[in-house]
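Shown next, in structure tokens, is the structure this report addresses.
Read-outs throughout are calculated quantities, based only on the coordinates presented, and are distinct from any laboratory measurement. The structure displayed is predicted, hence computed values, not measured ones. Positions of Cβ are backbone-derived with ideal geometry, glycine not excepted, and every protein chain shown enters the neighbour counts.
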Amino acid sequence: MSVPQQISKYRLRVNTYDRVSSWLVSLLIISTLTVAGLLIVYFTRQFVVPAKAIPVTPVEPARQPADVAMGLKMDPEPPGVEEVPDLLEPQLQDTLSAVASAVASRTAILSDESIDATANAAFGHGEGDFRKSGVGDEGETKREPVREIRFDPENLRQYAQYLDFFGIELGVLGKDNKIHYAYNLAKQSPDVRVGEPGNEDRLYMNSALGRFAALDRRLAKNAGIVDEGQIILQFYPPETQAILYDLERREAGGRRPDEIRRTIFRVTPKGDKFEFSVDQQFYR
């Protein structure tokens, strides 16, 4: 027997059993490492404190209370008579002076030339307090309802046409203690006149804090009286006043005027004409 043949007879070889055993051991090691990794991840997350969102409660900002005695904007549902004391209406000349003092702090708002009469903020529901001083037989001041006009004009011209249709004049309380009036407001140059506050006893509205304020100011500017003062009032003639009073009385259904707390009128265009109607009415 030769030497090469003996070496070939005892040569080592890897059989099938060895291969299968190696694969099984490898798979066991990989599975063990995978399970160990998953366990580490699981237990690590148990020690993590989740961030909790802080509950937030929305708070509506409080509205600034209106000054009813000054004829300014009021809340849609004002407090009843049992919640507030009676507010007496002074004579017109005293009221105009009081309004001038009350709105002096809002000069920047009223004199803002950047207000565009065609902007949405200038239109919508008008807000204002209509007042007329009245004294009873025994000298006590009558309790007048709060009256408000709501109107959605398409533009400044339609708003001016509405005022002209009902004969409503704009009046600027001047620094000279005169009232500077403007009428025929749909004209390019409205007509103007000057009057004494003591001679004025018509129903009037102060729209300083309402949506009509910017429109009234634009019309007063067209008439050349806007620089006479800061307070712009709307004065209603007796005929228009009678229409409003009649609508208010009919809606009240037999209630006395002093039982009416608030009447909201609506203006509706009818072609080239306009009509008043009662939108809402509240009672004491």
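Compared with the alpha-carbon gap, the fully stretched path from Thr16 to Tyr283 is longer by 85.7 nm at 0.36 nm per residue. Applying the criteria of a DSSP loop state and at most 13 other Cβ atoms within 10 Å to the trypsin sites (Lys or Arg not before Pro) of segment 143-212 yields Lys175, Lys187. Length gained on full extension, Lys178 to Ser31, computed as 0.36 nm times the residue gap minus the Cα-Cα distance: 43.0 nm. Suppose a student asked you for the relative contact order of segment 138-284, using Cα pairs under 8 Å spaced at least 6 residues apart; what percent would you report? It rounds to 29 percent for segment 138-284. Spin-label model, Leu24 to Lys270: label points 7 Å out along the Cα-to-beta-carbon direction sit 10.4 nm apart.
Extension gain, Gln46 to Ser189, is 43.4 nm, computed as 0.36 nm per intervening residue step minus the present C-alpha separation.
Using r as the Cβ-Cβ distance of Arg249 and Asn199, and R0 as 30 Å, what FRET efficiency do you calculate, to the nearest 0.05? After rounding, the FRET efficiency stands at 0.65.
State whether segment 240-284 is rounded, prolate or oblate according to the following rule on the C-alpha gyration tensor (a ≥ b ≥ c being the square roots of its eigenvalues): a/c under 1.5 gives rounded; otherwise a/b larger than b/c gives prolate, and the remaining case gives oblate. Prolate. With R₀ fixed at 35 Å, the C-beta to C-beta distance from Arg256 to Gln158 puts the FRET efficiency at about 0.45.
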